[in-house]
Amino acid sequence: MPPGKSGCPINLTVELLGDRWSLIIVRDIMFGGHTHFRELLTGSIEGIASNILAARLTKLVAAGLLTRDDDPSHRQKVEYHLTEAAIQLVPVLAALGAWGARWLHTAPELTVRAELLAAGGPPMWERFMDELRATHLRGAPLPDDGVLAELTAAYLAAAGE
């Protein structure tokens with residue numbers, strides 16, 4: 001018998017990512033650039049508790065969605081980076097964001113990124129995944145003119161910042 005309750009790929013994915021926090025953590029690393037525990041703890045507008053964050057990070061590392069690496073700038077810190085498996089969630093998060101923007105009452109400043117990703121479609125998602133690969137898999141700095149910069153600028157403009 002395959003792992004999980006049934007071996008169904010949707011069931012297994014929900015078992016891995018279907019809790020309240022796992023996709024939020026991936027979102028905050030992917031779209032917020034948060035790579036340290038403290039950034040994830042204080043940068044999440046949803047207000048995750050530290051013990052839950054620690055447990056979810058451990059789970060996501062064990063599942064192969066994140067890596068946990070020593071921070072070269074501070075010996076007592078670690079950095080969490082997306083793996084290829086997590087980067088491949090960009091279309092999933094784009095679809096979830098588009099669905100939420102269409103069917104739920106969302107905050108305009110928090111919806112603008114979802115709308116841009118939906119409008120940009122697969123070509124934009126591929127460019128964003130390439131940026132994430134360069135940053136998270138190869139250690140390159142984020143480009144100033146990439147997809148994440150465009151999404152962040154749109155969010156800041158919508159938030160009036």
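The values are calculated or read from the model by the stated rules, or taken from the named source; none is laboratory data. For clarity, every value in this text was computed on a predicted model and none was experimentally measured. Note that each Cβ is placed from the backbone with ideal geometry, even for glycine, and that neighbours are counted across all protein chains shown.
Residue-by-condition table, conditions (1) modelled with pLDDT of 95 or more; (2) touching a helix residue (DSSP H, G or I) at 6+ places or on another chain (Cβ under 6 Å):
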{"residue": "Pro3", "(1), (2)": "no, no"}
{"residue": "Val14", "(1), (2)": "no, no"}
{"residue": "Phe31", "(1), (2)": "no, no"}
{"residue": "Ile52", "(1), (2)": "yes, no"}
{"residue": "Thr58", "(1), (2)": "yes, no"}
{"residue": "Val61", "(1), (2)": "yes, no"}
{"residue": "Leu65", "(1), (2)": "yes, yes"}
{"residue": "Leu82", "(1), (2)": "yes, yes"}
{"residue": "Ala85", "(1), (2)": "yes, no"}
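Take Pro91 and tell me if it is surrounded by fewer than 14 Cβ atoms within 10 Å (Cβ to Cβ), in contact with a helix residue (DSSP H, G or I) (Cβ under 9 Å, 6 or more places away or on another chain) and under 29 Å from Glu161 (Cα atoms).
Numbers: surrounded by fewer than 14 Cβ atoms within 10 Å (Cβ to Cβ): no; in contact with a helix residue (DSSP H, G or I) (Cβ under 9 Å, 6 or more places away or on another chain): yes; under 29 Å from Glu161 (Cα atoms): yes.
Spelling it out, it is not the case that Pro91 is surrounded by fewer than 14 Cβ atoms within 10 Å (Cβ to Cβ), in contact with a helix residue (DSSP H, G or I) (Cβ under 9 Å, 6 or more places away or on another chain) and under 29 Å from Glu161 (Cα atoms).
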**Prompt:** Can you name the number of the only condition in (1) within 17 Å of the chain's Cα centre (by Cα); (2) under 16 Å from Gly33 (Cβ atoms) that Ala118 fails?
**Reply:** (2)
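Restricting to segment 33-47, what's the tally of residues that are more than 22 Å from Lys77 (Cα to Cα) and out of contact with any helix residue (DSSP H, G or I) (no Cβ under 7 Å at 6 or more places or on another chain)?
Step one: of segment 33-47, the residues more than 22 Å from Lys77 (Cα to Cα) are 45-46.
If we keep only those that are out of contact with any helix residue (DSSP H, G or I) (no Cβ under 7 Å at 6 or more places or on another chain) too, we end up with 45.
The total comes to 1.
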**Request:** Can you run down the residue pairs with Cβ atoms below 7 Å, 6 or more apart or on separate chains, where the first is in segment 105-128 and in the same structural domain as Ala154 (by TED's automatic domain parsing) and acidic (Asp, Glu) and the partner is part of a helix (DSSP H, G or I) and crowded, with 17+ Cβ neighbours inside 10 Å?
**Result:** Glu109/Tyr155; Glu115/Ala101
**Message:** Any residue that is outside the structural domain of Met129 (by TED's automatic domain parsing) and assigned to a helix (DSSP H, G or I) - is there at least one of those in segment 94-102?
**Reply:** no
